[in-house]
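The values are calculated or read from the model by the stated rules, or taken from the named source; none is laboratory data. Since the structure is predicted, the reported quantities are computational estimates derived from the model, not experimental observations. Cβ sites come from the backbone with ideal geometry, for glycine too, and all protein chains shown count toward neighbours. The area values use the complete protein model at the heavy-atom level, side chains included, leaving out ligands, DNA and RNA. Shrake-Rupley method; radii C 1.70, N 1.55, O 1.52, S 1.80 Å.
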Amino acid sequence: MYKVVRRDEIVPNVHIIEIEAPGIAEKARPGQFVLIVPDETGERVPFSISDWNVEKGTITIFFLEVGISTSKMARINSGGALYSVSGPLGKPTRIDKFGSIVCGGGCYGIGAVYPIARAMKKAGNTVTTIIEARSAYLIYLEEQLKEVSDKVIVGTADGSRGSKGMVPDVLTELVKNGEKIDRSYFVGCTFMMMNCSNITRPYNIKTLVALNPIMVDGTGMCGCCRVTVGGETKFACVDGPEFDGHKVDWEEMFKRKSIYLENEAMAYQNYRCQESVVGKDI
Ligand code: FES
């Protein structure tokens with residue numbers, strides 16, 4: 001079991017969870033992830049590592065409450081425990097002095113780009129971080145990102161904060177205005193990552209995206225996380241999760257991600273029904 005040091009809903013539906021996992025904290029690098037099983041009947045779900053503290057022996061993750069596993073995690077309070085946490089998994093982000101970097105994050109990806117922006121800044125790059133949300137009240141981590149970025153641009157769908165629009169809209173403005181971008185990183189929903197890749201492609205801006213397919217074992221054995229990149233079959237858990245966004249077969253990615261949508265929706269509905277009948281400890 002892995003002790004939960006902190007679990008808070010920081011904005012509606014987005015949670016921070018700090019987990020005691022000294023072995024993972026010691027080895028974690030930007031761009032890597034862990035597989036969490038919330039309880040003994042739970043499934044294995046991947047989560048990007050947002051931060052780690054070697055002295056405390058903890059790792060920090062941001063997650064959205066969207067299904068059964070994340071609902072279970074959202075009900076664990078400080079002092080509680082997770083059944084299993086495996087990692088760090090995946091290849092770390094290549095950190096080097098590239099010049100001007102743009103990092104874009106939405107949903108859980110706001111937390112996930114944080115260690116990338118921090119490491120890139122430390123390596124001497126100029127870092128512009130773009131974060132998105134539907135509305136101002138859903139923006140989180142802005143102050144922390146300002147500490148590790150030269151500039152943070154907030155985009156909101158309703159225009160209630162920063163620029164009106166999401167990461168792809170802000171990115172479009174930047175490239176149209178001739179902003180020098182040597183490398184870009186996008187983490188968040190698949191649609192956002194695909195759109196950003198399409199925007200940077202004509203400008204030949206190196207674009208890395210952290211793919212988030214369904215995963216099971218996380219060690220390249222089950223084939224569940226199969227993606228096609230540049231015409232080659234890759235496994236996101238061991239070959240990624242970062243890939244060249246210009247080479248990803250996005251259509252296949254969307255199809256594979258949606259295979260269990262109906263089952264997931266039904267299972268979640270049943271879970272919530274049971275929860276309301278039995279109480280929160282199911
Ligand atoms: Fe099984 Fe990647 S999760 S091969």
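Mean shadow of segment 130-269, computed from the convex hull of its alpha carbons, in nm²? Show your work: numbers first, answer last.
Working: hull surface 40.9 nm².
That works out to 10.2 nm².
Between PHE254 and ASP39, what FRET efficiency follows from the Cβ-Cβ distance if R0 is 30 Å, with the result rounded to 0.05?
Numbers: r = 30 Å, r/R0 = 1.00.
Efficiency, rounded to the nearest 0.05: 0.50.
Residue by residue through segment 50-67, which ³J(HN,Hα) values in whole Hz follow from phi under the Karplus form 6.51 cos²θ - 1.76 cosθ + 1.60 (θ = phi - 60°), with glycine and proline marked x?
9, 7, 8, 9, 5, 4, 6, x, 10, 10, 10, 9, 10, 9, 9, 7, 10, x
For SER78 and LYS164 in one chain, what is 0.36 nm times their gap in residues minus the Cα-Cα distance, to one decimal in nm? Mind showing how you got there, number by number?
Values: separation 86, 0.36 × 86 = 30.96 nm, distance 3.63 nm.
Stretched out fully, the SER78 to LYS164 stretch lengthens by 27.3 nm.
For the chain, which whole percent of the accessible surface, found with a 1.4 angstrom probe, sits on carbon and sulfur atoms? Numbers along the way, then the final one.
Numbers: 6540 of 13040 Å².
It is 50 percent, rounded to a whole number.
Highest mean first, how do 14-20, 86-92 rank when packing is the count of other Cβ atoms within 10 Å averaged over residues?
On the way: 14-20: 21.7, 86-92: 19.6.
By packing density, highest mean first, the sequence is 14-20, 86-92.
How far, in nm, would the chain grow between SER71 and SER276 when pulled straight, counting 0.36 nm per residue and subtracting the alpha carbon separation?
Values: separation 205, 0.36 × 205 = 73.80 nm, distance 1.30 nm.
That pair, SER71 and SER276, stretches by 72.5 nm at full extension.
Report the relative contact order of the chain, percent, no decimals, based on alpha-carbon pairs under 8 angstrom and at least 6 residues apart.
Values: 632 pairs, mean separation 43.4, N = 282.
Relative contact order here is 15 percent.
Calculate how many DSSP beta bridges within the chain are antiparallel, expressed in % of all such bridges and rounded to the nearest 5. Each step should come with its number before you reach the end.
Values: 34 of 58 bridges.
Around 60 percent of the beta bridges assigned by DSSP in the chain are antiparallel ones.
Kindly give the semi-axes, whole Å and largest first, of the ellipsoid equivalent to segment 85-158, taking each as the square root of 5 times a Cα gyration tensor eigenvalue.
Working: eigenvalues 91, 57, 17 Å².
Calculated on Cα positions only, the semi-axes equal 21, 17, 9 Å.
How fast does segment 1-137 diffuse by Stokes-Einstein, in µm²/s, taking the Kirkwood radius from C-alpha pairs at 20 °C and 1.002 mPa s? Intermediate values should be presented prior to the final figure.
Details: Rh = 15.4 Å.
Answer from the Stokes-Einstein relation: 140 µm²/s.
Per residue, how much accessible surface does the chain expose to a 1.4 Å probe? Answer in Å², no decimals.
Numbers: 13040 Å² over 282 residues.
Roughly 46 Å² per residue, with all protein chains present.
Under the rule of at least 5 residues apart or a separate chain, name every residue whose amide H is placed under 5 Å from the amide H of THR207.
The list, which skips near neighbours in sequence, is SER184, GLY245, HIS246.
So if I restrict to the alpha-carbon atoms in the chain, what is the Rg, and what is Dmax, the biggest pairwise distance, in Å?
According to the Cα coordinates of the chain, Rg and Dmax are 18.3, 58 Å.
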